[in-house]
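Chemist: Sharing a structure, written as structure tokens. Questions coming.
The values are calculated or read from the model by the stated rules, or taken from the named source; none is laboratory data. Everything numeric here is computed off the predicted structure, so don't read it as measured data. Positions of Cβ are backbone-derived with ideal geometry, glycine not excepted, and every protein chain shown enters the neighbour counts.
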């Protein structure tokens, strides 16, 4: 009996140690096995700190426009008009009001908003921090991106912290701040649904952030912010059959908005390069019809402006642009952006395919006119 107790006393610690060692060894990752993914950290219970950084910089925008409506004939009877002419009532004037939002972007009182918010306005006012609206002036607008720059008169405004939209990822949390339906400053939450949305027919130059954060009438021109409270976009438009938010909203990336704003402040307008040509992406079916490989990439030229730079260089409808400035032509938007970013007065080297032959083409770049002329 004493011998059994002695053996238990000696081997119990050894057995316990071996068991602990076995458990520890089993928890170690096997050689060549991928490490266990880290547990996702729980999101904060509130985005109040992020909103507090940006919401003071979002302002309400009110516009007024006076329209004149000609009077209607007093009598529509042809016999009355025969004897008395066409007596009409006095013309009437009508006051149209619009509302939207804007974002203060620097200490000089410059405010970014949408062009469609202030388009045609006779008077523009901004309101912030529950104070009475004050007059603002239009510095300049760019309908091609649906952006406009205002400057407030006689007040100190807090500029928003600006972020980097190129760092956004699909799934990131974003918040929209604006003045929907004139009810007052409102914050809605969503995620980035998609990036680089184009060909929506909303503007000439499109590169939208898509979000499901609720955007309604009056939100246009307001801020789309990230969870650090930085402005990453200017809320612009929604796709809706009813006029209300269906979770498909679009914002202009702040990187693009900043470029446009700088040019407007410096020049009063955005200066873009232009060669007077239009085209579409080369699809597989279009490539087959031209006798090209289905995987061929390029831009099929649909029209050339008469006496424009491309016309003078010899470009023709039906040509295929293969490269611009030595870079492959991947999409019509890419080519248009490359041309637009070339300073007027410079030159662009294009590689063009015509009748199966590759032709080099040097084109003088002009400033893009406000409106194009008739094409041939």
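Chemist: With the requirement that a residue be modelled with pLDDT of 95 or more, more than 11 Å from the chain's Cα centre (by Cα) and either assigned to a strand (DSSP E or B) or crowded, with 24+ Cβ neighbours inside 10 Å (or both), what does region 227-238 give you?
Modeler: Hit for region 227-238 is 231, nothing else.
Chemist: Quick one: in region 115-152, which of the residues that are surrounded by 13 or more Cβ atoms within 10 Å (Cβ to Cβ) and assigned to a loop (DSSP other than H, G, I, E, B) is farthest from the chain's Cα centre (by Cα)?
Modeler: Across region 115-152, the extreme among qualifying residues is 133.
Chemist: Quick one: is residue 281 over 30 Å from residue 111 (Cβ atoms) and in contact with a helix residue (DSSP H, G or I) (Cβ under 7 Å, 6 or more places away or on another chain)?
Modeler: Here the answer is yes, as residue 281 does meet what is asked.
Chemist: Check off (1) assigned by TED's automatic domain parsing to the domain that holds residue 354; (2) part of a loop (DSSP other than H, G, I, E, B); (3) touching a strand residue (DSSP E or B) at 6+ places or on another chain (Cβ under 7 Å) for residue 303 and give me the number that stays unchecked.
Modeler: All conditions are met except number (2).
Chemist: Right, another one. With 132, 141, 128, 121 as the choices, which residue is under 19 Å from residue 180 (Cβ atoms) and either out of contact with any helix residue (DSSP H, G or I) (no Cβ under 7 Å at 6 or more places or on another chain) or touching a residue at least 40 places away in the same chain (Cβ under 8 Å) (or both)?
Modeler: Just one listed residue meets the conditions, 128.
Chemist: Consider residue 370 carefully, then state whether it is within 30 Å of residue 263 (Cα to Cα) and at pLDDT 90 or above.
Modeler: No: the conditions fail for residue 370.
Chemist: Still on this structure, please answer the following. If a residue has to be surrounded by fewer than 16 Cβ atoms within 10 Å (Cβ to Cβ), under 21 Å from residue 105 (Cβ atoms) and either modelled with pLDDT of 95 or more or more than 14 Å from the chain's Cα centre (by Cα) (or both) to count, how many in region 162-181 make the cut?
Modeler: Number satisfying all stated conditions: 2.
Chemist: Looking at (1) in contact with a helix residue (DSSP H, G or I) (Cβ under 8 Å, 6 or more places away or on another chain); (2) surrounded by fewer than 22 Cβ atoms within 10 Å (Cβ to Cβ); (3) assigned to a strand (DSSP E or B), which one does residue 210 not meet, given that it meets all the others?
Modeler: (1)
Chemist: Does residue 215 satisfy the criteria of being assigned by TED's automatic domain parsing to the domain that holds residue 232 and surrounded by fewer than 20 Cβ atoms within 10 Å (Cβ to Cβ)?
Modeler: Judged against the criteria, residue 215 is not a match.
Chemist: Looking only at region 268-289, filter to residues that are surrounded by fewer than 16 Cβ atoms within 10 Å (Cβ to Cβ) and in contact (Cβ under 8 Å) with a residue 12 or more places away in the chain; which one of those is nearest to residue 368 (Cα to Cα)?
Modeler: 271
Chemist: Tell me the residue from 320, 304, 352 that is surrounded by 13 or more Cβ atoms within 10 Å (Cβ to Cβ), modelled with pLDDT of 90 or more, in contact with a helix residue (DSSP H, G or I) (Cβ under 6 Å, 6 or more places away or on another chain) and under 30 Å from residue 197 (Cβ atoms), please.
Modeler: 304
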